[in-house]
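The values are calculated or read from the model by the stated rules, or taken from the named source; none is laboratory data. Please read these numbers as outputs of a predicted model, since none were measured by experiment. Backbone-built Cβ (ideal geometry, glycine too); neighbour counts: all protein chains shown. Please note that ligands, DNA and RNA were not included when accessible areas were found on the heavy atoms of the full protein model with its side chains. Shrake-Rupley method; radii C 1.70, N 1.55, O 1.52, S 1.80 Å.
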Amino acid sequence: MNADVFTLFPQWFEWFRGQRHVENAIALGHEVEAVDFREFTPLKWGQVDDTPFGGGAGMVLRVDVMEAALRARYDVDPVELRSERRVIALTPAGRLLDDALASELAAEPALTLLCGRYEGFDERILEHFVSDEVSIGRYVLAGGELAAMVVLDTVLRKLPGVLGDDLSAVEESFSEALEGAPEYPHYTRPAEYRGWRVPEVLLSGHHAEISSWRRARSRERGGGPGGASGGSLPS
Ligand code: ADE
């Protein structure tokens, strides 16, 4: 996969690229690059945003600046770009990121992620250059960078070989393998701690029984907003 993140804060992604699973992905030949779109602005003084027409608070990212950056990177009219690769704007009101969307994106050969700042994007960027708007939750971040990292984190860990054990990304919370339900509980040594025993079945060595116990616990926890957990349990 080739993933480009357009951002005004490329240095944030130096940390991200140094995380073990991201390093693994890069070592396997995947690319994760941060593009500083301020470098490509045709405006003076590195300007990338402007005041909103009609008035109001905040600044809006300019469509001409985004076009210049996308053209410089891909040498194609950005209106055409979205038929070549997914061009995703991170916005609070976009499609909510979930496991299904992460799997969908992990199957793409190339992704472009656009990080907004300030009041967000000039609407013409979203209308004409972008294929998807993605949100990581119904709250407003100061910018799209953390959201882009969340998207990339969940996408990269699905690529074969990126996690030490590929199966850990198959049978996990909200996956198809668990029919969208949260993952079953995990235990490790010690088998007993302060009188709290690990369920006997997990110590039994009976793989079929362990597997059916796990499916049952996962189903009990329920999936989605209607599930027993309200969808809010950590994995
Ligand atoms: N940009 C600002 N807030 C965001 C959110 N919740 N999700 C994605 N991008 C954002």
Answer residue from the stretch 175-209, given it is part of a helix (DSSP H, G or I) and either modelled with pLDDT under 95 or open to solvent by 50 Å² or more (accessible area, probe 1.4 Å) (or both) and is nearest to Val155 (Cα to Cα) among those: Glu176
Qualifying positions in the stretch 1-32 - surrounded by fewer than 14 Cβ atoms within 10 Å (Cβ to Cβ), of a type in the set (D, E, K, R) and in contact (Cβ under 8 Å) with a residue 24 or more places away in the chain: Glu31
Residues being open to solvent by 50 Å² or more (accessible area, probe 1.4 Å), in contact with a Leu (Cβ under 7 Å, 6 or more places away or on another chain) and under 17 Å from Phe6 (Cα atoms) - total across the stretch 66-116: 0
Close pairs from the stretch 79-94: first free of Cβ contacts under 8 Å to residues at least 60 places away in the same chain, partner within 16 Å of the ligand (Cβ to nearest atom) and open to solvent by 60 Å² or more (accessible area, probe 1.4 Å), Cβ under 6 Å, at least 6 apart: Ala89/Glu133; Thr91/Glu133; Pro92/Val140; Gly94/Glu133
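Please tell me if Asp36 is under 20 Å from Ala148 (Cα atoms), away from the ligand (no atom under 16 Å from the Cβ) and among the acidic types (Asp, Glu). So that I can check it myself, show each step before the final result.
Details: under 20 Å from Ala148 (Cα atoms): yes; away from the ligand (no atom under 16 Å from the Cβ): yes; among the acidic types (Asp, Glu): yes.
Spelling it out, Asp36 is indeed under 20 Å from Ala148 (Cα atoms), away from the ligand (no atom under 16 Å from the Cβ) and among the acidic types (Asp, Glu).
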Qualifying residues in the stretch 35-51 (those that are aromatic (Phe, Trp, Tyr) and in contact with a helix residue (DSSP H, G or I) (Cβ under 7 Å, 6 or more places away or on another chain)) - the one surrounded by the fewest Cβ atoms within 10 Å (Cβ to Cβ): Phe40
Among residues of the stretch 117-135, those that are in contact with a Leu (Cβ under 8 Å, 6 or more places away or on another chain), outside any strand (DSSP E or B) and within 14 Å of the ligand (Cβ to nearest atom), counted: 3
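Residues are listed down the side, and each one gets a yes or a no for (1) farther than 19 Å from Met66 by Cβ; (2) within 16 Å of the ligand (Cβ to nearest atom); (3) open to solvent by 80 Å² or more (accessible area, probe 1.4 Å); (4) not in a loop (DSSP other than H, G, I, E, B):
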residue	(1), (2), (3), (4)
Arg138	yes, yes, yes, no
Leu146	yes, yes, yes, yes
Val151	no, yes, no, yes
Thr154	yes, yes, no, yes
Ser168	yes, no, no, yes
Failed condition for Leu159, given (1) in a loop (DSSP other than H, G, I, E, B); (2) more than 20 Å from Asn24 (Cα to Cα): (2)
